[in-house]
Amino acid sequence: MTMTPQRTSAEIRRDKLSARAARMAEAASGGWKVVLFKIVALGLIDAMALYSCLVLFRAGNWVVGSIIAVGTVVVNIIYLRKGGLPAKYLTPGLIFLLIFQIFVVLYSGYIAFTNYGTGHNSTKEDAISGIMLQNQERVPDSDAYPVSVLQGPGELLFLVTDPDGDALIGGTDRPLENVDDATFEGGKAVGAPGYTTLDFAGLIANSEEITQISVPISDDVNDGMLSTADGATAYLYTSRYVYDEVADTMTDTESGVVFSNIGTGAFTAPDGTEILPGWQITVGFDNFIRAFTEPSIREPLISVTIWTFVFAILSVATTFILGLFLAIVFNDPRMKSKKFYRVIMILPYAFPGFLSALVWAGMLNQEFGFVNTVLFGGAEIPWLTNEWLAKFSIIFVNLWLGFPYMFLVTTGALQSIPDELTEAAHMDGARTFQAFRLIKLPLLLVSVAPLLISSFAFNFNNFNLIYMLTGGGPRDITAGVNVGATDILISMVYKVAFIGANRDYGLASAFSIIIFILVATISIIAFRRTKALEELN
């Protein structure tokens, strides 16, 4: 007689867990509803990817288009094959990580090494076309060209009748070319196969767009372009500049000055004058060199960097000290109505930060703000327009916004420290402050040190408060870039990139990389320092 071995309770429990995991895996990967959802989702993804690839390949962006095509194939393989459950869960997260983190960082790094900005945001061909278009003048005694406006695929075209009676068709990016089988009425070409001729109502509806159209009469941009003001008759316009493709120069026909391509992304005269628009080129480390060598940029960059550190350090220190003080007070067993006071303490934390900053901006207004009119009896104190008062106001408002967070954090940390430690210290003769400084505070820092580091990093880039409260002002009129007395690095980057007539995305991206290096270095050093605190445990 064969005896069945007795199974231990651990083996039985392990078998049950294995069976449960197998049922969950089967439920997650099977069923016709899941299969149908998978097919529909993959179909939508494939359709969007195919459209993106066609657009990118048509624009000549083969690298990005190929990456999307390969990525789509990999996603299909992962979700259409059996097994590989971890990969199916990880793939969406990896895709979002690549798009919203890795790609953004890499693209910012790429822009930092270019001259991308106002006047340098396109290709050289577009720049030449733009210069010719912006400096057009109507040719005196130009022939009148009868024209009909045609609706093409995604654009409006001109159907022109030349002085010889031939029909020509062209658009903004399409020089005039002969068209066969055109329809004529009274010697004027009025229609072409495959196109729709705009009637009077269509001309009126598209009048603004039609007047912006300039059609090159040949492949040579120096030959001029046809433009019309009424959609019925076009005239020849030529540019004051003549482009020499062989010498790669642009000559001003009025002054005779020759502008050459000297590798700066713009045609430049011998005296340094540039014709804009220029084009985007790679400039290497020029943006970083400008940031540290040009006095008009270096000096405001240094002052803004110093203020950014001061602001971040004071923000963390003041909020932590106030939050800790309140936490100690409310942690005292003799304190009455603790719940009521704690609810009041976290109210500032419950309001959106940008909204609170706007409210404070109104309360601190010099002329009609609550602080001046009520608390200071109508005095006109420039809280937000004086350099030092504006900095004080920012620190004060950030204290009001930030102390509830520190209060909550330190309250939890204090309550986790056993009271026996303090009692033992008292029995050994330590005073209350000594027990706190030598026992509670080090143990408290073990818990909150990572949060203080993250708070420093947050305030280092606290764009919302600066921009909503002072807008970075008051403006420093001596600086070579758009910067104010209360700007921190991140708000300075925003202004350089997006505010004003001379936007410099390349320089702003270089600033962003500098900020990244600063914050990363400080965080690494600070986290290493926290290991010393962990040894206290």
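Of note, Leu399 satisfies the criterion of being surrounded by 13 or more Cβ atoms within 10 Å (Cβ to Cβ) and part of a helix (DSSP H, G or I).
Residue-wise test of (1) touching a Ser or Thr at 6+ places or on another chain (Cβ under 9 Å); (2) closer than 25 Å to Thr486 by Cβ.
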site	(1), (2)
Phe340	no, no
Leu355	no, yes
Met363	no, yes
Glu367	yes, yes
Phe370	no, yes
Thr373	no, yes
Phe376	no, yes
Thr385	yes, yes
Leu389	no, yes
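The residues on offer are Ile313, Ile344, Ile297, and the sole one that is of a type outside the set (Gly, Ala, Ser), in contact (Cβ under 8 Å) with a residue 40 or more places away in the chain, surrounded by fewer than 14 Cβ atoms within 10 Å (Cβ to Cβ) and assigned to a helix (DSSP H, G or I) is Ile313. Being open to solvent by 80 Å² or more (accessible area, probe 1.4 Å), farther than 30 Å from Phe516 by Cα and at pLDDT below 90 is a condition met by at least one residue of the stretch 38-57.
With respect to the conditions (1) over 41 Å from the mean Cα position of the chain (by Cα); (2) open to solvent by 20 Å² or more (accessible area, probe 1.4 Å), Ala189 falls short on a single one, namely (2).
Scanning the stretch 238-250 for residues that are touching an Asp or Glu at 6+ places or on another chain (Cβ under 7 Å) and either open to solvent by 60 Å² or more (accessible area, probe 1.4 Å) or free of Cβ contacts under 8 Å to residues at least 60 places away in the same chain (or both) yields a count of 1.
Do we have Leu452 as of a type outside the set (Lys, Arg) and more than 30 Å from Ile515 (Cβ to Cβ) here?
It is false that Leu452 is of a type outside the set (Lys, Arg) and more than 30 Å from Ile515 (Cβ to Cβ).
Looking at Arg437, Arg475, can you tell me which residue is at pLDDT below 90, in contact with a strand residue (DSSP E or B) (Cβ under 6 Å, 6 or more places away or on another chain) and open to solvent by 50 Å² or more (accessible area, probe 1.4 Å)? The match here is Arg475. Quick check: anything in the stretch 498-505 modelled with pLDDT of 85 or more, open to solvent by less than 50 Å² (accessible area, probe 1.4 Å) and closer than 21 Å to Val304 by Cα? Yes, the stretch 498-505 has at least one match.
Please pick out the residue among Leu324, Leu384 that is hydrophobic (A, V, I, L, M, F, W, C), open to solvent by less than 40 Å² (accessible area, probe 1.4 Å), in contact (Cβ under 8 Å) with a residue 60 or more places away in the chain and assigned to a loop (DSSP other than H, G, I, E, B). Working first, answer last.
Working: Leu324 fails: assigned to a loop (DSSP other than H, G, I, E, B).
Among Leu324, Leu384, only Leu384 is hydrophobic (A, V, I, L, M, F, W, C), open to solvent by less than 40 Å² (accessible area, probe 1.4 Å), in contact (Cβ under 8 Å) with a residue 60 or more places away in the chain and assigned to a loop (DSSP other than H, G, I, E, B).
Evaluating Leu389 against the criteria (1) more than 28 Å from the chain's Cα centre (by Cα); (2) not in a helix (DSSP H, G or I) leaves one unmet condition, (2). What about Leu80, is it at pLDDT 90 or above, open to solvent by 80 Å² or more (accessible area, probe 1.4 Å) and farther than 22 Å from Val221 by Cβ? In short, no. Taking residues in the stretch 434-448 that are of a type in the set (Lys, Arg), and partners anywhere that are open to solvent by less than 50 Å² (accessible area, probe 1.4 Å) and not in a helix (DSSP H, G or I), the pairs with Cβ atoms closer than 6 Å and at least 6 places apart or on different chains are Lys440/Ile417.
Taken over the stretch 217-237, residues that are touching a helix residue (DSSP H, G or I) at 6+ places or on another chain (Cβ under 7 Å), open to solvent by less than 60 Å² (accessible area, probe 1.4 Å) and not β-branched (Val, Ile, Thr) amount to 1.
Inclusion of Lys531 among residues that are modelled with pLDDT of 85 or more and not hydrophobic (A, V, I, L, M, F, W, C) is not warranted. Being among the aromatic types (Phe, Trp, Tyr), open to solvent by 80 Å² or more (accessible area, probe 1.4 Å) and out of contact with any Lys or Arg (no Cβ under 6 Å at 6 or more places or on another chain): is that true of Tyr116 here? No.
Which of the residues belonging to the stretch 478-489 are under 22 Å from Leu389 (Cβ atoms) and open to solvent by 20 Å² or more (accessible area, probe 1.4 Å)?
The answer is Thr478, Asn482, Ala485.
In the stretch 200-213, the condition of being open to solvent by 30 Å² or more (accessible area, probe 1.4 Å), closer than 16 Å to Ile131 by Cβ and touching a residue at least 12 places away in the same chain (Cβ under 8 Å) is met by no residue.
Could you say which residue among Ile262, Ile306 is open to solvent by 80 Å² or more (accessible area, probe 1.4 Å) and closer than 24 Å to Leu389 by Cα?
One residue alone meets the criteria, Ile306.
Of the residues Phe463, Phe516, only one is in contact with a Ser or Thr (Cβ under 6 Å, 6 or more places away or on another chain), surrounded by fewer than 19 Cβ atoms within 10 Å (Cβ to Cβ) and aromatic (Phe, Trp, Tyr); which? Answer to the check: Phe463.
The values are calculated or read from the model by the stated rules, or taken from the named source; none is laboratory data. Remember, predicted model here, so these are calculated numbers, not experimental data. Heads up, the Cβs are rebuilt from the backbone with ideal geometry, glycines too, and the neighbour counts pull from every protein chain shown. The protein model used for the area step is the full one, side chains on, heavy atoms only, and it has no ligands, DNA or RNA in it. Shrake-Rupley method; radii C 1.70, N 1.55, O 1.52, S 1.80 Å.
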